[in-house]
């Protein structure tokens with residue numbers, strides 16, 4: 001399991017490092033710079049130290065948005081990861097149905113995010129939308145513009161519809177990369193379908209599932225365009241997630257200093273959780289046979 | 001044997017139900033794209049009673065519309081190529097070697113996906129204007145590398161780590177040089193990973209709006225930004241927006257169609 005020790009491997013990493021650092025480092029430093037200043041206009045700025053950070057940390061509306069965000073991302077992971085794995089396991093392995101199911105699964109991913117929200121506005125409208133019409137004909141009242149619960153249900157439906165395909169595609173590619181020899185060995189041993197999943201497929205999918213969990217966590221934690229278009233953060237503040245609140249400060253009030261401090265705290269929260277997820281997935285089941 | 005058959009059918013039914021539900025919102029968009037705006041707002045209909053291609057014709061004849069597609073395709077293709085070409089060797093390094101700071105650099109790469117975009121747009125604009133890159137395709141392609149290159153490295157590293165290192169060692173003993181080994185032996189082994197990576201790079205670059213809109217004005221303006229034009233003084237033109245939405249799906253659907261065989265291709269060690 002030990003890797004080769006060789007610092008020359010840096011030459012293979014260098015192009016990636018340069019291309020990412022070009023876009024990453026200067027903007028990040030600029031935002032750090034904003035976060036410790038009070039900016040009135042071009043050339044008019046005052047150093048304020050950690051004032052914006054203290055203000056942000058004590059903002060109760062931000063705390064509410066943070067809890068909403070954690071609930072949202074938690075639900076996203078709990079639904080999308082198991083559902084995505086289950087779908088990937090049932091996908092066909094050969095024949096024309098591979099093309100059909102792969103292309104169909106990928107469709108929601110390809111729609112620009114602002115358009116996703118717009119589609120779901122129409123789709124859930126009771127007068128001209130299929131979903132709204134169908135649910136009303138069942139005798140249920142459903143209105144995501146008035147009821148916070150309905151707004152959350154609509155958002156979760158949209159989110160699961162939109163992003164489960166990402167988990168499906170990753171898990172499917174991971175499953176297809178398992179050498180046939182493993183399955184042959186399992187069938188000789190007379191292993192049950194569950195045993196094959198638990199001891200062959202799941203461990204072999206560790207790599208793709210790590211990236212699936214991290215991607216879904218990061219992107220759902222940063223979600224902006226879809227809820228902004230669909231609910232605008234309402235009704236009330238019930239779907240005001242962190243990024244919607246951030247844009248309110250950054251663009252709505254044009255408070256660049258506090259918004260920058262907010263961004264950095266936001267970034268650190270995502271970093272912390274991603275690191276914890278990463279460590280947890282890396283270490284789970286480490287003691288088992290490969 | 002009969003119980004196994006029954007289970008097989010049940011699995012398929014679950015998949016078919018999922019794909020059907022998945023397709024419903026897309027079908028609704030397709031339905032709307034074939035109707036006029038007045039028709040959409042006027043009545044509820046499960047299918048277009050009086051189908052018209054007017055919305056599509058408008059998009060294909062108005063340069064303001066179709067140039068958005070061309071711009072998006074150019075920078076997305078550029079971005080996918082840059083991401084794959086740079087990420088392949090880097091992912092190999094991370095999956096095979098221990099080197100100074102390897103774990104830190106690996107995780108640092110991913111942290112570039114974690115920043116909320118809103119406040120970063122202004123510094124991005126300043127950085128790219130300094131280099132005179134504003135309103136060029138390469139600017140958008142480069143800026144999208146910020147989130148696509150790390151993604152590509154992470155996905156590819158996962159697939160490469162699944163390949164036993166005995167393959168590399170055997171090839172080097174057989175006298176293969178590194179580039180020849182990498183291209184003729186290693187890349188075919190991870191084609192499922194490359195397929196899924198190419199699709200994700202294409203997809204994330206295709207749907208990204210904030211950076212693409214910030215860095216462009218007219219010459220390289222993306223389709224997603226053009227689509228906000230459907231909101232006019234008279235309200236939203238749902239039919240036109242739906243047609244544009246259907247057309248935004250097409251290029252990516254073609255990409256996944258072309259990589260499908262690589263995705264579904266099993267990985268067989270015996271055939272090296």
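Give me the percent relative contact order of chain B, please, defined on Cα pairs under 8 angstrom at least 6 residues apart. Over chain B, the number comes to 31 percent. With a Förster radius of 35 Å applied to the C-beta separation of residue B:45 and residue B:187, the computed FRET efficiency comes to 0.10.
If you rank A:124, A:90 by fewest surrounding Cβ atoms within 10 Å, what's the result? Present the calculation step by step, with values, prior to reporting the outcome.
Details: A:124 25, A:90 17.
Listed from fewest to most nearby Cβ atoms, that is A:90, A:124.
Between the Cα long axis of helix B:238-264 and the first principal axis of chain B there is an angle of about 20°, rounded to the nearest 10. Computed extension length for residue A:253-residue A:197: 15.0 nm, one decimal, from 0.36 nm per residue of separation with the Cα-Cα distance subtracted.
Measure nothing fancy, just the Cα-based angle from helix B:137-161's long axis to the longest principal axis of chain B, in degrees from 0 to 90, nearest 10. It is inclined by approximately 50 degrees. Three principal axis extents describe the C-alpha atoms of chain B; from largest down they are 71, 69, 30 Å.
Expressed to the nearest 5 percent, the antiparallel share of DSSP beta bridges inside the protein assembly as shown is 75 percent. Compactness of the stretch B:19-142 is given as radius of gyration and Dmax, 22.3, 66 Å, from Cα positions. Rounded to 0.05, the FRET efficiency of the residue A:156 and residue B:173 pair, given R0 = 51 Å and the Cβ-Cβ distance, is 0.40. Across every direction, the projection of the convex hull enclosing the Cα atoms of the stretch A:157-246 has a mean area of 7.1 nm². With the simple model of a label 7 Å out from the Cα in the direction of the Cβ, residue A:187 to residue A:57 spans 6.0 nm.
What is the Rg over Rh value, at two decimals, for the stretch A:187-290, using alpha-carbon atoms and the Kirkwood definition of Rh? Mind dumping the intermediate values first?
Working: Rg = 20.2 Å, Rh = 16.8 Å.
Over the Cα atoms of the stretch A:187-290, Rg/Rh equals 1.20.
Across chain A, how large is the tail of the calculated P(r) beyond 26 Å, expressed as a percent of all Cα pairs? Numbers along the way, then the final one.
Values: 24703 of 41905 pairs.
The proportion of pairs with Cα distances above 26 Å equals 59 percent.
Taking the square roots of 5 times each eigenvalue of the Cα gyration tensor of the stretch B:5-58, largest first, gives ellipsoid semi-axes of 34, 11, 8 Å.
Where the alpha-carbon atoms of the stretch A:1-42 are placed on the principal axes, they occupy 55, 20, 13 Å, in descending order.
If R0 equals 22 Å, the separation of the Cβ atoms of residue A:21 and residue B:129 corresponds to a calculated FRET efficiency of about 0.70.
Note on the stretch A:110-183: Cα-Cα pairs beyond 21 Å make up 43% of the total pair count. Short to long, the 10 Å bins of the Cα pair-distance histogram for the stretch B:71-127 hold 17, 33, 37, 12, 0 percent of all pairs. The value given for the protein assembly as shown is a Kirkwood hydrodynamic radius of 25.1 Å, derived from the mean inverse Cα-Cα separation.
Every Cα-Cα pair of the stretch B:127-236 was included, and the share exceeding 17 Å stands at 66 percent. How tilted is helix B:191-207 with respect to the longest principal axis of chain B? Cα atoms for both, answer in degrees (0 to 90, nearest 10). Rounded to the nearest ten degrees, it is 30. Between the alpha-carbon centres of the stretch B:87-112 and the stretch B:33-54 there is a gap of 52 Å. Across the stretch A:151-170, no residue has a backbone nitrogen under 13 Å from the label position 7 Å along the beta-carbon direction of residue A:136.
Coordinate-derived values only; no laboratory data. This is a predicted model, so every value here is computed, not measured. Positions of Cβ are generated from backbone atoms using ideal geometry, with glycine treated the same way; all protein chains shown enter the neighbour counts.
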